[in-house]
1. Residue-wise, which Karplus ³J(HN,Hα) couplings in Hz belong to region A:224-241, taking 6.51 cos²θ - 1.76 cosθ + 1.60, θ = phi - 60°, and x for glycine or proline?
2. Can you give the convex hull volume per residue for the Cα atoms of region A:358-512, as a whole number of Å³?
3. Divide, for region A:1-134, the radius of gyration over alpha carbons by 2.2 N^0.38 Å, where N is the residue count.
4. What ratio of Cα Rg to 2.2 N^0.38 Å holds for the protein assembly as shown?
5. Work out the mean other chain Cβ neighbour count within 10 Å for the residues of A:229-242 and drop it here as an integer.
6. Can you give the net charge of the other residues whose Cβ lies under 15 Å from the Cβ of residue A:274, counting K and R as +1 and D and E as -1?
7. Which value, in Å to one decimal place, does the Kirkwood hydrodynamic radius take for region B:98-154 when every pair of different Cα atoms is included?
8. Can you compute log10 of I(q)/I(0) for region B:3-101 with the Debye formula, treating each Cα as one identical point scatterer, at q = 0.17 Å⁻¹?
Amino acid sequence: MVQKKDDYVIEALKKQINEFKEHVSVDTVGRVLEVGDGIAKISGLSNVMYSEMLDFGSGVFGVALNLEEDAVGAMILGDWLKIKEGDVVKSTGRVLEVPVGENLIGRVVNPLGEAMDGKGKIDSKIFYPVEKIAPGVITRKSVNVPVQTGIKAVDSMIPIGRGQRELIIGDRQTGKTAIAIDTIINQKGKDLICVYVAIAQKESKIAKIVAKLEEAGAMDHTIIVLAGASAPTSLNYIAPFAGCAMAEYFMDKGKDVLIVYDDLSKHAVAYREISLLLRRPPGREAYPGDVFYLHSRLLERSARLDKEYGGGSITALPIIETQAGDISAYIPTNVISITDGQIFLESDLFYQGIRPAINVGLSVSRVGSSAQIKAMKKVAGKLRLEVAQYRELAAFAQFGSDLDESTKNQLERGKRIVEILKQGQYVPMAVEKQVVILFAAIKGLLDNVDVSKLNEFEIGLHNYLETTVPEILKEILEKKEIDEMLEAKIIKTINEYKSTVEELLVKAEADV
Amino acid sequence: MSQTSTIKHYATALVELGIENQCYEALVADLVDVDSKINENLEFKKYLTDKHVTFTKKQEALKNTFQDFISDKTYNFLYLLIKDGKLLDLSSILKIAAKTHLESQDLFEVMVESVIPLTVAQEKKIQEKLSQTIKQKLITKNIINPEIIGGLKIFLGDTEIDGSIRGKILRLKKKIEDYE
């Protein structure tokens, strides 16, 4: 090593003796005309590119966003209070890029890829541009591999496939983030890498999420990109693009990635702020004209690549917060039209105790059903129908008490299905277990179980399956299908279990 | 951006008129003087830009202040600015005018930063050297900047040629950082 270094020095000296030359640096520069609110106006910089990084000196960088006749409008990434009028700004010749790579996994980083978790510097040699054109038609493949969220209501009725973009939309405090976090937790030990992008979120909330993910052992496959509420607006603006660039690295390696943007309404607000400060004309709700393009170009980067192109995928779960359930506001309608479906959460359901508070009627997945395993497809088709019928009947039955037997039965079953679809936070469920319990519900095997004791029954049944007949779960997972033999076996097992827990069943005498 | 383009028109008109009547230097000198006086006296500036004060009164105030020290053309230009509500842009108009004037004479202004004032011979040498590369006549403007420690830093429009000690140290710093 020392020898090598010496050689290098001698070689350099020889060169100097042969031809002594003083080195000077030649840069394209401009001068700050005005600065404020994270935006700078710069004169000069004649050959600057759009989205090029600008060096303001003293470690502060910016991005050129407005290229005008005699000035450049730039947003400042970092502390703009250090910048003075008349400061020299250098163009770097590089568009904005972020470090990517394996060593980001398990870390909390800011949108520039700098560590935020105090676990030391992240040394990455590979950089990806923040803005990138989405994969084209030729390179893509249709979505048909599922992302298991571990949430019964989602996996059965609103299935998500790898490469899909599924919007999670709802008012504040309805459990939007919870769905995303449960999905990330459920990927433990599976082959999906997760990126969680927090845009203008409270840092306390992120600290809680990180702690929960660590507790669940889910940080081992997760990157958290954090632009906190106190971070400069420019960082909030680039956060989802930076997160996407980090995900694209893994997609290019042929891996599957799940990315959560929490949330895009705040991202739109950040972009509005920057646009207005750059004096771009405002449009509806004062958002700039290209706010649709902002989100469409971001979400279009989620894709499932064909085998020939590596076969990787990015599944996106963008989150949108609505105001008082208004999904027809500007940003919600935009993002609904871009995504391949939405999970709609309602505060009414949430307060009724139906958690996750998914409104099954308004939630859809436009590509999902092809991304379900056959066993799930079999139970899910009937489930949706039963839930829809129950909702209609329940609304109707409120007016009258005299109901015929079949209506009563249908209502009772509906109640049980709704109860079964409830699920606690941070307890995602394996798909084979979901199949068994949903199968039991739609086959009417739960009709004589006490509704208030269903939760207990469910936990008991899964324990029973795991300990006495684990081959059933294994068979579902391997075959991914329920044939007649297996069906009979499942029914038999559930009946056997029922006979052991008679205290959970509805008393026959009480019914009469 | 229409704001700057109108200012540009004023500046161009000023330069062209000055060259036609061969009074550019005097005109600009007058205006620079007026500009600094107005900026020093905020009360006066407020009065001149107040919308409630009539044009004639402003005219009188100007005449009283500057009397015969400035030429008629300067007065006319100032009246025009007051009438168009552009008096606040006077500094930027003068800046652009200076640039346009140099361009119209095919001259290029180069700013040279150094720690100690350059001698005439040194300036001439720099001009010779630079005019070889950009093939245009140059005038140099020497700026004293002790921060660069030593050497020269030259600004050729948008291009910065950094041969200062400070620049060298910074480059070395970056090299060491990158090596790690």
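1. 10, 9, 10, 10, x, 5, 9, 6, x, 4, 4, 5, 4, 5, 8, 3, x, 5
2. Values: hull volume 20.9 nm³, N = 155.
Dividing the Cα hull volume of region A:358-512 by its residue count gives 135 Å³.
3. Details: Rg = 19.3 Å, N = 134, 2.2 N^0.38 = 14.1 Å.
Dividing the Cα Rg of region A:1-134 by 2.2 N^0.38 Å gives 1.36.
4. On the way: Rg = 35.2 Å, N = 692, 2.2 N^0.38 = 26.4 Å.
The protein assembly as shown yields a ratio of 1.33.
5. Numbers: counts 0, 0, 0, 0, 0, 0, 0, 0, 0, 0, 0, 0, 0, 0.
Average neighbour count from other chains, rounded to a whole number: 0.
6. Numbers: positive: A:41, A:266, A:272, A:279, A:280; negative: A:37, A:131, A:273, A:290.
That sum, taken over residues with Cβ under 15 Å, equals +1.
7. Values: mean 1/r = 0.0835 Å⁻¹.
For region B:98-154, the Kirkwood estimate is 12.0 Å.
8. -0.73
Every number here is computed from the coordinates shown, using simple stated rules; none is lab data. A quick note: this is a predicted structure, and the numbers were derived from the prediction, not measured. Because the Cβ atoms are built from the backbone with ideal geometry, glycine has one as well, and the counts that use them run over all protein chains shown.
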